[in-house]
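**Q** So that we are looking at the same thing, I have put the structure below in structure tokens.
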Amino acid sequence: MKADLPEPDAQLLAHSNKLKSLIQQRIGKSSLNFEDFMRMCLYSEGLGYYTSHLDIFGASGDFITSPETSPYFAQAFSSHIEAMHRQLGKFSIIEIGAGSGRFAVDLIKALQTKDCQPVNYYILETSKSLQKRQQQYFDKHLNDQNCRIIWIDSMQKQPIDCGVVIANEVLDALPVRLVSIHGGEIYERCVGLDNQQNFVFAEKPAEQSIRNVVRERLPERLLNTDKINYQTEVNVQIDDFVRDIATLVNKGVFFYIDYGYPQHEYYHEQRSMGTLISHFQHVAHDDPLRWPGIQDITASVDFTALAEAALKAGLSVDCYTTQAHFLMAGQVLTGVQGDLQDTRQLKKLLLPGEMGERFQVMALTKNIDLEGFELTMRDLRHRL
């Protein structure tokens, strides 16, 4: 993927170079697996992409999420929550990574109009700078709200009795391991340094634990041929992540929204370069080693692996669908005025060439029965 990238200014480059120096020290004369490299790029204290002062969301940042696109996204969510309200009883909402805070504001306001406000609105956010930014946004846009907003930066010791857990574009930011397959062998793509101390990819035979994950998830035809050079990524954190999130509530519903594929599409012969992608100032490109700390790095979600992780955690997989079908079932068109701005926003959220099909939604449940609730206009669990 060739991209005409804008050049970062001197301040951004200085920020990136500080983190680059830390990563160089960590690598030393050896190499670093990509999961650790990606974690440092995104989450290093004060310097990582998600933990620094950088303005990363919206038109002035590097990418736009569905909640940033339109309040209709949150309104559709509120319709689903309203439909489940009687089954839930008194409930709280837990948002995993609240971004700019816009989704929380839009959702709380929408639920207020439906008279089914949560008792508390929890935000699991490890970045102190994002917590501060969210607080400022709430102070400006939430003048009258009856539910408390509570930030947590780690898993709760005491689970909430009943909750709706929402993780929008969270899984794609979990650091991944990179692998390549050629000559019938599995290799891991790590990050090393060249003679000029620049980051470069370096291959080494994959350790047994990574081989096991690769053999579990990739089809035999990719593993047992010497006629293909195949690169991809595996998320080895997903089981632990889903299990930990499941402990947040005694009973409730978990919504995971992200871009991705079922496993048979994720690991397809034609996707031979994987799904790893970087974003800088709204330009997507394929060089994750370029500017640590000032560009986003993401990988698509393997929704089959997500479903399997959910089952291991004792959850039920109640729905898997596209964002478009989920939002339509949430009456996203109700109240649309039909002006040009509404039309543009809805096209972005719903059309197949935009976010409508590329983004997927999985609904999981714990100790609660959602039979009879229409979370989608088309359930795609058979594709998992």
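**Q** Look at segment 146-189 and say how many of its residues are surrounded by fewer than 18 Cβ atoms within 10 Å (Cβ to Cβ), out of contact with any Ser or Thr (no Cβ under 6 Å at 6 or more places or on another chain) and among the charged types (D, E, K, R).
**A** 4
**Q** Quick check on this structure: which one of THR304, THR247, THR275, THR321 is surrounded by 22 or more Cβ atoms within 10 Å (Cβ to Cβ) and hydroxyl-bearing (Ser, Thr, Tyr)? Outline the logic, then answer.
**A** Working: THR304 fails: surrounded by 22 or more Cβ atoms within 10 Å (Cβ to Cβ); THR247 fails: surrounded by 22 or more Cβ atoms within 10 Å (Cβ to Cβ); THR275 fails: surrounded by 22 or more Cβ atoms within 10 Å (Cβ to Cβ).
None of the others qualify; the one that does is THR321.
**Q** Restricting to segment 74-101, and then to whatever is within 16 Å of the chain's Cα centre (by Cα) and either assigned to a helix (DSSP H, G or I) or under 16 Å from ARG133 (Cβ atoms) (or both), can you tell me which residue is modelled with the highest pLDDT? Walk me through it before giving the result.
**A** To start, the set of residues in segment 74-101 that are within 16 Å of the chain's Cα centre (by Cα) comprises 94-101.
With either assigned to a helix (DSSP H, G or I) or under 16 Å from ARG133 (Cβ atoms) (or both) added as a condition, the list becomes 95, 97-101.
Numbers: GLU95: 97, GLY97: 92, ALA98: 89, GLY99: 87, SER100: 88, GLY101: 91.
Step by step, filter segment 74-101, then rank; the result is GLU95.
**Q** Further question on the same structure: With the condition kept exactly as written, say whether any residue in segment 200-219 is within 23 Å of LEU380 (Cβ to Cβ), of a type in the set (Gly, Ala, Ser) and crowded, with 20+ Cβ neighbours inside 10 Å. Walk me through it before giving the result.
**A** Just the residues of segment 200-219 that are within 23 Å of LEU380 (Cβ to Cβ), to begin with: 216-219.
Those left that are additionally of a type in the set (Gly, Ala, Ser): none.
No, that holds for no residue.
**Q** Restricting attention to segment 250-259, which residues are under 17 Å from CYS162 (Cα atoms) and surrounded by fewer than 24 Cβ atoms within 10 Å (Cβ to Cβ)?
**A** Scanning segment 250-259 gives ASN250, LYS251, PHE255.
**Q** Could you tell me which of the residues LEU130, LEU124, LEU178 is farther than 24 Å from ALA83 by Cα, of a type in the set (A, V, I, L, M, F, W, C) and out of contact with any strand residue (DSSP E or B) (no Cβ under 8 Å at 6 or more places or on another chain)? Before the answer, list the steps.
**A** Numbers: LEU124 fails: out of contact with any strand residue (DSSP E or B) (no Cβ under 8 Å at 6 or more places or on another chain); LEU178 fails: out of contact with any strand residue (DSSP E or B) (no Cβ under 8 Å at 6 or more places or on another chain).
Of LEU130, LEU124, LEU178, the one residue that is farther than 24 Å from ALA83 by Cα, of a type in the set (A, V, I, L, M, F, W, C) and out of contact with any strand residue (DSSP E or B) (no Cβ under 8 Å at 6 or more places or on another chain) is LEU130.
**Q** Among ASP226, ASP240, ASP286, which is the only one that is surrounded by fewer than 20 Cβ atoms within 10 Å (Cβ to Cβ) and closer than 30 Å to VAL165 by Cβ?
**A** Residue meeting the stated conditions: ASP240.
**Q** Which members of segment 269-307 meet the condition of being in contact with a strand residue (DSSP E or B) (Cβ under 8 Å, 6 or more places away or on another chain) and without any contact (Cβ under 8 Å) to a residue 12 or more places away in the chain?
**A** Result: ASP287, single match.
**Q** Restricting to segment 98-109, count the residues that are crowded, with 21+ Cβ neighbours inside 10 Å and either out of contact with any helix residue (DSSP H, G or I) (no Cβ under 7 Å at 6 or more places or on another chain) or of a type in the set (Gly, Ala, Ser) (or both).
**A** Total meeting the criteria: 5.
**Q** Same structure, new question: Under 9 Å by Cβ, and 6 or more places apart or on different chains, what pairs join a residue from segment 150-162 that is modelled with pLDDT under 85 with one that is open to solvent by 60 Å² or more (accessible area, probe 1.4 Å) and in a loop (DSSP other than H, G, I, E, B)?
**A** Note: pairs meeting the criteria are ASP153/THR126; SER154/THR126; MET155/THR247; GLN156/THR247.
**Q** Another one. Taking segment 216-237 only, how many residues are in contact (Cβ under 8 Å) with a residue 12 or more places away in the chain, basic (Lys, Arg) and more than 20 Å from LEU276 (Cβ to Cβ)? Walk me through how you get there before you give the answer.
**A** Restricting attention to segment 216-237, the residues satisfying the condition of being in contact (Cβ under 8 Å) with a residue 12 or more places away in the chain are 217-219, 221-226, 228-237.
Filter once more, so that each one left must be basic (Lys, Arg): 217, 221.
Still in the running and more than 20 Å from LEU276 (Cβ to Cβ): 221.
The total comes to 1.
**Q** Only one of these conditions is not met by PHE280: (1) under 22 Å from ASN168 (Cβ atoms); (2) modelled with pLDDT of 95 or more; (3) of a type outside the set (A, V, I, L, M). Which number is it?
**A** Tallying (1) under 22 Å from ASN168 (Cβ atoms); (2) modelled with pLDDT of 95 or more; (3) of a type outside the set (A, V, I, L, M), PHE280 fails exactly one: (2).
**Q** Give the number of residues within segment 353-375 that are β-branched (Val, Ile, Thr) and part of a strand (DSSP E or B).
**A** Taking segment 353-375 and keeping what is β-branched (Val, Ile, Thr), we get 361, 365, 368.
From what's left, part of a strand (DSSP E or B): 361, 365.
Going through segment 353-375 one residue at a time, the tally reaches 2.
The values are calculated or read from the model by the stated rules, or taken from the named source; none is laboratory data. Values in this document were obtained by computation on a predicted structure and should not be read as measured data. Here the Cβ is made from the backbone with ideal geometry for all residues, glycine too, and neighbour counts use every protein chain on show. These accessible areas exclude ligands, DNA and RNA; they are computed on the full protein's heavy atoms, side chains included. Shrake-Rupley method; radii C 1.70, N 1.55, O 1.52, S 1.80 Å.
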